[in-house]
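The values are calculated or read from the model by the stated rules, or taken from the named source; none is laboratory data. Computed from a predicted model, the values in this text were never measured in an experiment. In this analysis, Cβ positions are derived from the backbone assuming ideal geometry, glycine residues included, and neighbour counts consider all displayed protein chains.
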Amino acid sequence: MAKGNYSKRKSSNFEQRGNLLRTFKLIAKHEDTANLISIKTFNKGDYLIEESKLVQGIFIIIEGKVKVFTTVLNQKSNILRFVSKGDLIGLSSLNSAYYWASAIVMEKVKVYFIDIEHLHFILNNNRELSILLIKKLSDKLSHYKIRQKHLTLFSASERVIDALLLIAYKFGETTNQGIEISVGTARKDIANFANTSVEFAIRALSELNSKNHITLKGKIIIINEKEILIDQLKQVFTKNKLPEDLGYSYPDFFY
């Protein structure tokens, strides 16, 4: 069952992102609704939303790269996800007065922005968009729950591999050498995403580099042997005797 179903879900996720962008574009161009949506540009280091600040509206990424995180004890960041073209930011906080996470620009972004008042108007008058947003929110929460559940099975080294594969999935570019990642490769970010220390993340990456699974070129990381890394994670599921739909399909779905 599972592998095929999860592949369909992965395809569905890409389709949803494309549909959202097209729908927002139509709203922005239609003479009756163009005033309800705006296009904004943010530079590296700018915040789209900030944790504990009043909710202003939602963003959908047209282009660029963003990191979503919360701040925990001792001001340490807990990276929740990395987002790119077609992804939504701020949707999870719509039932709250305040944003529960922050989103900072990693690479210059262009976004559609709809404030809360206009969003409520659009949702009341656009059934298609309402359904797309509900599906997007449902998928996002599901992805988060699945990853958190499976991270409890991984060792620190395996969590670094998981983080690396997810960053590659969002930001990687296919080259002749492998999958090249130039954004999201700060060792602190990888460590926070993998829930480990910076020192351990550096050691884990060095070990992967020594085995030629990856190549480290300063800030650039190239994944040379993606399938080998995925197989390492699959072995964890086999060892823990997880049902196939919870085990093997997890890396197939995310990576």
Inspect the stretch 143-151 for any residue being over 19 Å from residue 44 (Cβ atoms) and in contact with a Leu (Cβ under 6 Å, 6 or more places away or on another chain) and give the result as yes or no. no
Of all residues in the stretch 71-100, how many are farther than 22 Å from residue 36 by Cα, free of Cβ contacts under 8 Å to residues at least 60 places away in the same chain and not polar (S, T, N, Q)? 3
What about residue 184, is it part of a loop (DSSP other than H, G, I, E, B), within 25 Å of residue 53 (Cβ to Cβ) and not assigned by TED's automatic domain parsing to the domain that holds residue 28? yes
Counting only residues that are out of contact with any Phe, Trp or Tyr (no Cβ under 6 Å at 6 or more places or on another chain) and of a type outside the set (D, E, K, R), which one in the stretch 27-38 is surrounded by the most Cβ atoms within 10 Å (Cβ to Cβ)? 27
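Rundown of residues vs (1) under 14 Å from the mean Cα position of the chain (by Cα); (2) at pLDDT below 90; (3) surrounded by 15 or more Cβ atoms within 10 Å (Cβ to Cβ), yes/no style:
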| residue | (1), (2), (3) |
| --- | --- |
| 79 | yes, no, yes |
| 86 | yes, yes, yes |
| 95 | no, yes, no |
| 98 | no, no, no |
| 108 | no, no, no |
| 111 | no, no, yes |
| 121 | no, yes, no |
| 124 | no, yes, no |
| 128 | no, yes, no |
Only one of 217, 226 is surrounded by fewer than 16 Cβ atoms within 10 Å (Cβ to Cβ) and not acidic (Asp, Glu); which? 217
On the basis of being at pLDDT 85 or above, surrounded by fewer than 14 Cβ atoms within 10 Å (Cβ to Cβ) and of a type in the set (Phe, Trp, Tyr), does residue 144 make the cut? no
Residue check: is residue 103 loosely packed, with under 15 Cβ neighbours inside 10 Å and touching a residue at least 12 places away in the same chain (Cβ under 8 Å)? no
